[in-house]
Structures are given as C-alpha cells and as structure tokens.
Amino acid sequence: MARYTGPVCRLCRREGGKLYLKGERCYSTKCAFEHRPETPGHKSRFRKKPTEYGIQLREKQKTRRIYGVLERQFRTYYRRAARSRGVTGETLLQLLERRLDNVIYRLGWGSSRSEARQLVRHGHFTVNGRCVNIPSFQVRPGDEIAVHPSSRDLARMKELAGLAGQRGVPEWLEADHEEMKARVSRLPSREDIDVPVQEHLIIELYSR
C-alpha cells in the first residue's frame with residue numbers, strides 16, 4: 001500500500017494551517033506548527049503571489065493530505081463523484097469521509113487518521129461481523145463497525161475507547177464506546193464534514 005512516509009509537520013507548514021496529522025501532539029504545545037508556522041524552504045519569504053491555479057492546487061493538496069490519500073487515488077474519487085448525482089464537490093468529500101480509516105478516526109478509535117489506518121491494516125476492526133483490513137473500504141448506511149473481539153483487551157484499544165467517550169462523534173455515526181461498537185446511521189452531509197477545505201476549488205482545478 002503506497003502512502004506518504006515523510007515528515008508530516010512539514011505538510012502543515014506548507015499548507016499554512018494545522019492538518020492534525022499527528023493526533024494528540026497537534027493539540028499540545030509540542031506542535032511544530034506553533035513554533036515554525038512559515039512555509040518550509042529557504043526561499044519561502046520571497047515567493048510570488050499565488051495564481052488562481054496555485055490556489056486551486058493548494059486546496060486539492062490540502063484535502064489529499066488531510067485524508068492521507070495519494071494523487072491517483074484522489075483522482076479516482078473525483079471521477080466517481082463526477083459520475084454521481086448531486087453536487088460533485090460534496091460527493092467527493094462524502095466519499096473521503098466514508099473511508100473506513102476516516103470513520104475509525106471520527107469515532108475516536110484512532111488519535112489520527114494515520115493511526116486509524118494502521119489499526120485497520122492490522123485487522124483490529126470488523127464491518128458487519130467480518131474483519132476488514134482495507135483502509136479505503138467504503139462504509140454504507142446500516143453498516144455495523146466494531147473492534148475485533150481479539151483486540152478488545154489490547155491496552156491501546158482500551159485507552160482509545162476511554163478517550164473516545166470525551167470526543168464528539170458526527171451525527172451520521174452512532175457509537176457505543178463501552179461495547180466498542182458503532183453504526184453508520186446515514187450518509188454524511190456537508191454540514192457534518194468539518195474539514196477546512198473549499199471543495200469548489202478542487203472541482204475547478206480538475207475541470208480545466
């Protein structure tokens with residue numbers, strides 16, 4: 001599985017805002033963006049005013065990095081959204097939100113999307129009673145998601161389940177943290193998706 005393995009704090013600095021890629025560390029005083037918010041690179045202070053294309057590109061890159069997908073996979077999501085009914089930008093974000101690793105993160109069973117992705121890859125979760133180890137698996141309304149029975153006694157899973165009760169869960173998900181189970185009640189709407197992106201810029205970029 002291809003994925004980005006470089007320094008993630010550098011990505012936040014490049015996009016000019018926190019992407020919360022390191023989970024709990026991003027909320028603490030140790031966050032690198034708090035100490036060095038400037039764009040990385042020795043010529044960052046002398047960069048020209050961004051063009052319309054540059055603004056659109058940055059919005060696409062920011063969205064891609066938030067959800068942890070590479071370029072080819074992101075383009076595939078765009079094509080699926082473009083073929084679907086409804087607003088293409090909202091459908092694109094909906095497809096990204098319905099990824100299993102993102103759902104695990106939204107439920108609080110992973111401190112970051114990268115940790116959630118790793119836990120999914122290691123087979124710690126089931127969907128409708130079957131073990132699923134594909135982070136890009138698309139959940140649907142009515143799906144039952146649970147921590148695998150053999151993983152419930154792991155110290156890290158217990159710690160995450162305890163912390164998850166203190167975090168809010170999106171309205172399109174129903175969670176029972178004591179039983180380590182959850183259910184997808186409906187598809188996420190744009191109001192449920194709190195990522196700081198302007199999806200219409202991404203659509204304009206791919207429509208060129």
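The values are calculated or read from the model by the stated rules, or taken from the named source; none is laboratory data. A quick note: this is a predicted structure, and the numbers were derived from the prediction, not measured. Methodologically, a virtual Cβ is constructed for each residue, glycine included, from the backbone with ideal geometry; neighbour enumeration extends over all protein chains shown.
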**Asked** Of all the residues that make up the range 184-208, how many are charged (D, E, K, R), crowded, with 16+ Cβ neighbours inside 10 Å and over 20 Å from ARG79 (Cα atoms)?
**Response** 1
**Prompt:** Just checking, how many residues over the range 129-177 are among the small types (Gly, Ala, Ser) and surrounded by 14 or more Cβ atoms within 10 Å (Cβ to Cβ)?
**Reply:** 6
**Selection status of ILE104, in contact with a strand residue (DSSP E or B) (Cβ under 6 Å, 6 or more places away or on another chain) and buried (at least 22 other Cβ atoms within 10 Å of the Cβ)** = no
**Request:** Find all pairs meeting these conditions: Cβ atoms under 9 angstrom apart; at least six residues apart or on different chains; first residue within the range 68-83 and modelled with pLDDT under 95; second residue in a helix (DSSP H, G or I) and acidic (Asp, Glu).
**Result:** GLY68/ASP101
**Scan of the range 98-122 for residues that are more than 18 Å from LEU187 (Cβ to Cβ) and hydroxyl-bearing (Ser, Thr, Tyr), ordered by number** = SER111, SER112, SER114
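Considering every residue within the range 136-144, establish whether at least one is among the polar types (S, T, N, Q) and touching a helix residue (DSSP H, G or I) at 6+ places or on another chain (Cβ under 8 Å).
yes
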**Message:** Scan the range 68-90 and tell me whether some residue there is outside the structural domain of MET157 (by TED's automatic domain parsing) and at positive phi.
**Reply:** yes
**Request:** Output the residues belonging to the range 143-188 that are under 18 Å from GLN94 (Cβ atoms), in contact (Cβ under 8 Å) with a residue 24 or more places away in the chain, assigned to a loop (DSSP other than H, G, I, E, B) and not charged (D, E, K, R).
**Result:** VAL169, PRO170, SER185, LEU187, PRO188
